[in-house]
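Scroll down for the structure; my scribbles are underneath it.
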Amino acid sequence: MSGEKLVLITPVLGRLDSFEKFLDRFLQIRAKMKIEIELVVALFSSDTVLERLITAIERVEKDQGDPHVVRFVVVDGAFSRGRGIAQAIDAVHGNALLFFVDIDMILSQETLESGITLTVPGQVYFPIFFSIFAQKCRAQQSVSETNGFWRIYSTGMVFIFKHDYLKTDGFDLTINSWGQEDLRFTEAVISAKLKVIRVKDQNLIHPWHPKNCKNLVNKFFQECVPVKMAHYCSYGMLYEEWKYQQSPLFEEAKLKKKHSKIAFQ
């Protein structure tokens, strides 16, 4: 690998339990890797659990006896994924290999090793990850058409060398939410004449979790709703549910104050 080390970059807002699980998984994988690995976390001053997130990071620093294993930056203002990643990158020195990853993802050693192999100077790797359906709509949490779907149109997970990142225009810092910042950054990578490579990674899994679109407006809300619905079930199962809701059985169930077979949230 041409870089000095691998640095994971992740923005975090709330979700303390998920973050602590991500930290534990990161440390387990780090102990098995042969290269130097760090984690830089972007926190936000507006976060109601900011101090608790910082305490979790400081606990890792104390346990590991090394302040460089997990570091954090605090971004002023409201949450912005792109702004958080950008400021975290500023805290990375040298031409490290960067991996932009969210705490929702199930991190694996295989994914990191693939990123190291497939990313070279001048070439950016956007792994295609697999999203698991809601529990009511899948047989098990494994990669298959009945259990989830490949996120072909999502480019939020990225392996890129810092020197290559600096050749781009970076993230669109006007986006103050989740969504679209990944597509804008992909456009910036292409505009910088960097080579893009995409591969389905069966080890990079996005588990189902409730998705809240209520606080989004305009095009962000319009994009959020279909993504939210697509994460519940396959089109086949959604169609079967639609047929069920048109049937006398559904009307009878409503009269008995029962819910439909799929509990949409």
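Read-outs: derived from the displayed coordinates by stated rules, not from any lab. No experiment lies behind these values; they were computed from the predicted model shown. Every residue, glycine as well, gets a Cβ built from its backbone with ideal geometry; the counts of neighbours run over all protein chains shown.
Which net charge results when you count Lys and Arg as +1 and Asp and Glu as -1 among the other residues whose beta-carbon is under 9 Å from that of I175? Write out the running numbers ahead of the final one.
On the way: positive: R81, R83, R184; negative: D172, E181.
Summing Lys/Arg as +1 and Asp/Glu as -1 gives +1.
Summing Lys, Arg as +1 and Asp, Glu as -1, what charge do residues with Cβ under 12 Å from the Cβ of V189 carry, V189 excluded? Don't skip to the answer; put the middle values down first.
Details: positive: K167, R184, K193, K195, R198; negative: D164, D169, D182, E187.
Counting the neighbours of V189, the net charge comes to +1.
Going out from 0 in 10 Å bins, what whole percent of all Cα-Cα distances in segment 6-214 drops into each bin?
It works out to 8, 34, 39, 17, 1, in whole percents.
Which pairs in the list K34/K200; K5/K200; K21/K243 are over 29 Å apart, alpha-carbon to alpha-carbon? Can you show the working numbers first?
Details: K34/K200 24 Å; K5/K200 24 Å; K21/K243 39 Å.
Those over the limit are K21/K243.
State the antiparallel share, in %, of DSSP beta bridges confined to segment 6-214, rounding to the nearest 5.
On the way: 10 of 32 bridges.
Here the antiparallel bridges make up roughly 30 percent for segment 6-214.
Sort all Cα-Cα distances of segment 90-207 into consecutive 5 angstrom bins from zero, then give the percent of pairs in each bin up to the one containing the longest distance.
2, 11, 20, 22, 20, 13, 6, 4, 2, 0
Enumerate the amide H contacts of E38 below 5 Å, restricted to partners 5 or more residues apart or on another chain; note that Pro and chain-start residues carry no placed amide H.
Long-range HN contacts for E38: L6, V7, L8.
Could you order the peptides 25-35, 79-89 from most to least packed, using the average number of other C-beta atoms within 10 Å per residue?
With the highest mean Cβ count within 10 Å placed first, the list reads 79-89, 25-35.
Extending each Cα 7 Å along its Cβ direction at D24 and Q123, get the distance between those two points in nm, one decimal.
Going from the D24 label point to the Q123 one covers 3.7 nm.
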